[in-house]
Amino acid sequence: MSEATVDAGPDDPRKAGKFVYIAAVVLLCAWVLVPLYFLLINTLSSPEAVNAFPKRFVPEFDLGSLTFFAGFEGMLVALKNSILVAAITMVMSITIGAPAGYALSRFDFKGKGLFRLLILLTRAFPLPLLALPLAVMFIRTGLDDTVFGLALVHTTLAIPFAVLITFSLFSGIPIELEEAAWTLGCTRLTAFTKVVFPLILPGITASAIFAFVISWNEVFAAAVLTIENRTLTAFLLQNLDTSPLHLKFAGGFILVVPALIFIFAVRKYLFAMWGIANR
Amino acid sequence: MAEIQIKNIAKRFGTYQALHNIDLTISDQEFMVLLGASGCGKSTLLRIIAGLETPSEGEVWIGGRRIDHLPPKDRGIAMVFQNYAVFPHLTVFENIGFGLRMQKMPNDEVTRRVERTAELMHIEQLTGRYSGELSGGQRQRVAVARALAMEPDVILMDEPLSNLDALLRLEMRAELKGVLAESNTTAIYVTHDQVEAMSLADRISVMHEGRIVQAATPVEVYRNPAERFVASFIGNPPMNFLPATPVKGGQWSVAGQMMDGPSANKALEFAIRPEDLKIADSGLTAVAKVVEPLGAHLLVTCAVEGHQFRAVLDSDLVVKPGETLTFAPLADRVRWFDPDTQKAVA
Ligand SMILES: Nc1ncnc2c1ncn2[C@@H]1O[C@H](COP(=O)(O)OP(=O)(O)OP(=O)(O)O)[C@@H](O)[C@H]1O
Ligand SMILES: [Mg+2]
């Protein structure tokens, strides 16, 4: 007993802590990476291998599943719709969100705090609650089952993030830089294009990509508001029970990978949105 | 011609009044220094002239033209910011040339001017760098060079040398004075360093709590402070004050000592600079408290009837704490202040 305590030494708790830490890191990585790995294996294997048992642990590098996916009726149209909706969402949420972010960071106006809160509150309404009235309104205005109509809904989902990200970007640019530009012969507009814009361009790109991903991943509104012009998520959901396993894997892969790459590329700016200082 | 007239300018931030009805005229090509403690409104006044802040009241005229409604770019000014504001996405070269490029100046002319001003500010080896690769002092010099390169009618500088080390500061100060004397620029220079103010200024405007309490030449501000605040702010160490009571027409009793003074009939304050005191056989009796040898001088902090009293003496003198000294003030350097109005009394 006494020997054990001597053995433990003063650094033993730290060792134990380190072990727990490493174990937690490994577990978390596995949590994310293992499903992704299986997705990868099954996407890059032939349909037969995907449906067979036991499962393989290395991909065959067979494009059979992907070819089947591409050849599945309506799939490519859905893919095209997804890209289209996401692109429109991206453009609209930045053109509306960035000026709002600029105004929030640069101008003092009454109700500024309330405005910020309201922006966040738009996320407080669950989409299912809004879906029915939205669908009715869209049918009345003829926006139902259109790419643009869906992009409008996705834009409202993406705008809060666009505003908050650009707000923190603009706030990170000292007003003195703009003021210096004004005294050096710039108007408000040229100071923006020559000084502010080059400085926030990477961040704007990031927030645009984030808007793209939000739309790309969104399934509920897409499923409710479209019938013929389904996006990829809605299309896969619709065919979930009837489609073969390898189609699901390939579809899942096609959905996950772009989102993952994009989010990874812009992670720095997403931290900025939450006010976490990144060096 | 770029005479600057500030007419009755006031500035309120909400309920806080940062500037109180400022009137000031700065003549063409004059070097005016705004001197005052932190928070007294120097930057605010400068920013109003630059057009970065709108005055709550009053007018600003430059060269006979009212400009307070114009955007900064149309005022014919260049400004050096207190916190540099060097553009991080541009090299030092492009920073200095930024204003010239905005004027669509031809390339070779831009290069010529940028190189010349960079040389002046001793940053010619840094022109290829970005601001993130510069020290604070180097950034500050880029900011000054950027304003100088514009060759403006009016240059506004907000503590442009505050981040340089003592030696470089001395050098840049002389450099800046030389450059601006050669050009036809009217300069307003903000600082809270009184030595800098004295050495640069044609005239100094001493600011206190949003007011200009005195605008005069450095010597005048030093010798004849218009208000008690100026006397207690300018000079290192500042003036000594002692209460004085009138005895009869022009005769005053100061710490038990009879002195000649103004012919007022109320209690005043007697003031004298520490360096205008001589050790004598009769005069103000002081007990030495702290003795600080400063090389060139000996700074002795004493008590005269319980009032703090400083004297700058010859460094050859030997003074010990506790010793009793007798000071004779130089008669023509004595000043008097009214404790009620704070103004100087002649
Ligand atoms: N935008 C603002 N809103 C509210 N108060 C302000 C604002 N700008 C300045 N002030 C206040 O006005 C006063 C004067 O500020 P100013 O920046 O002109 O001081 P300063 O003399 O330049 O000081 P320093 O030497 O520290 O730079 C300060 O008390 C400051 O708190
Ligand atoms: Mg200031």
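What follows draws every value from the coordinates through simple rules; no lab data is involved. In this text, all values refer to a predicted model and were calculated from it rather than measured experimentally. Don't worry about glycine lacking a Cβ; one is built from the backbone with ideal geometry, like all the others, and counts go over all protein chains shown.
Descriptive notes on the structure:
- Summarising the amide proton neighbourhood of B:Leu34: residues at separation of 5 or more, or on other chains, whose placed amide H is nearer than 5 Å comprise B:Tyr189, B:Val190, B:Thr191, B:Ser205.
- Of all DSSP beta bridges in chain B, antiparallel share, percent nearest 5: 75
- Radius of gyration (Cα atoms) of region B:93-226, expressed as a multiple of 2.2 N^0.38 Å: 1.15.
- Cα convex hull of region A:35-99, projected area averaged across orientations, nm²: 6.1
- Compactness of the protein assembly as shown is given as radius of gyration and Dmax, 36.6, 120 Å, from Cα positions.
- Ranked by how many other Cβ atoms sit within 10 Å of their own Cβ, fewest first, the residues B:Val318, A:Val85, B:Val247 fall in the order B:Val318, B:Val247, A:Val85.
- The charge dipole of region B:163-303, taken about its Cα centre with unit charges on the Cβ atoms of Lys, Arg (+1), Asp and Glu (-1) only, comes to about 480 debye.
- Neighbour cut-off at most 13 other Cβ (10 Å), DSSP loop, trypsin sites (Lys or Arg not before Pro), region B:72-112: B:Lys104
- When the Cα atoms of region A:186-272 are aligned to their principal axes, the ranges along those axes come out at 61, 26, 16 Å in descending order.
- Rg in Å to one decimal, and Dmax rounded to a whole Å, for region B:1-89 via C-alpha atoms: 13.3, 40
- Which listed pairs, of A:Lys268/B:Lys104; B:Lys278/B:Lys320; A:Lys194/B:Lys11; B:Lys7/B:Lys343; A:Lys15/A:Lys268; A:Lys80/A:Lys112, have C-alpha distances above 28 Å, in listed order: A:Lys268/B:Lys104; A:Lys194/B:Lys11; A:Lys15/A:Lys268; A:Lys80/A:Lys112
- Each Lys and Arg adds +1 at its Cβ and each Asp and Glu adds -1 at its Cβ; summed about the Cα centre, the protein assembly as shown shows a dipole of about 1300 debye.
- ³J(HN,Hα) computed for each position of region B:95-109 - Karplus, 6.51 cos²θ - 1.76 cosθ + 1.60, integer Hz, glycine/proline x: 5, 5, x, 4, x, 5, 5, 5, 7, 6, 6, x, 3, 5, 5
- Rh by Kirkwood over Cα pairs, then Stokes-Einstein D for region B:199-346 at 1.567 mPa s and 4 °C, µm²/s: 81
- Among the listed pairs A:Lys18/A:Lys248; B:Lys42/B:Lys177; B:Lys248/B:Lys289, those with a Cα-Cα distance over 28 Å are A:Lys18/A:Lys248; B:Lys248/B:Lys289.
- Computed extension gain for B:Ser38 through B:Asp340, at 0.36 nm per residue and net of the alpha carbon distance, reaches 106.2 nm.
- For region A:66-277, the Kirkwood hydrodynamic radius from C-alpha pairs, put into Stokes-Einstein at 10 °C and a viscosity of 1.306 mPa s, yields a diffusion coefficient of 85 µm² per second.
- Note on B:Glu119/B:Arg66: beta-carbon distance plugged into 1/(1 + (r/R0)^6) with R0 of 41 Å gives a FRET efficiency of 0.65.
- Per-residue ellipticity at 222 nm, computed for chain B from helices alone with -39500 (n - 2.57) per DSSP H run of at least four residues, works out to -7000 deg cm²/dmol.
- 14 Å cut-off, amide nitrogen to a point 7 angstrom out along B:Glu305 Cα→Cβ, residues in region B:257-282: B:257-260, B:267-271
- Over all other residues within a Cβ to Cβ distance under 12 Å of B:Phe81, the charged ones net out to -2, with Lys and Arg as +1 and Asp and Glu as -1.
- Cβ-Cβ FRET estimate between A:Glu48 and A:Thr242, R0 fixed at 22 Å, reported to 0.05: 0.70
- In this calculation the C-beta distance from B:Ala328 to B:Ala174 is compared with R0 = 45 Å, giving a FRET efficiency of 0.75.
- Total charge dipole magnitude, chain A, about the Cα centre, Cβ charges on Lys, Arg, Asp, Glu only, Debye to nearest 20: 680
- Selection among B:Leu35, B:Ser183, B:Leu70 by position relative to the dipole of chain B gives B:Leu70 as farthest towards the positive end (Cβ unit charges, Cα centre).
- Among the trypsin sites (Lys or Arg not before Pro) in region A:52-102, those located in a DSSP loop and surrounded by at most 16 other Cβ atoms within 10 Å of their own Cβ are A:Lys55, A:Arg56.
- Checking every one of the trypsin sites (Lys or Arg not before Pro) in region B:260-323 against DSSP loop status and a limit of 16 other Cβ atoms within 10 Å picks out B:Lys266.
- Taking the charge dipole of chain A about its Cα centre, with +1 at Lys and Arg Cβ atoms and -1 at Asp and Glu Cβ atoms, the residue from A:Gly97, A:Pro174, A:Ala222 reaching farthest to the positive side is A:Pro174.
- Whole-Hz Karplus values for region A:25-32 come out as 4, 4, 4, 5, 4, 4, 3, 8 Hz, taken residue by residue from phi with 6.51 cos²θ - 1.76 cosθ + 1.60 and θ = phi - 60°; glycine and proline positions read x.
- Here's the picture: charge each Lys and Arg Cβ at +1 and each Asp and Glu Cβ at -1 in region B:239-337, and of B:Val254, B:Phe327, B:Val290 the one pushed furthest to the positive end of that dipole is B:Val254.
- Amide H within-cut-off set for B:Asn224, under 5 Å, with H built and near neighbours excluded: none
- Global geometry of region A:93-166, whether rounded, prolate or oblate, following the gyration tensor of its Cα atoms and the 1.5 cut on a/c: prolate
- Sum of side-chain charges, A:Gly203 neighbourhood, beta-carbon under 14 Å (Lys, Arg +1; Asp, Glu -1): +2
- Hydrodynamic analysis of chain B uses the Kirkwood radius over alpha carbon pairs. Inserted into Stokes-Einstein at 4 °C and 1.567 mPa s, it gives a translational diffusion coefficient of 58 µm²/s.
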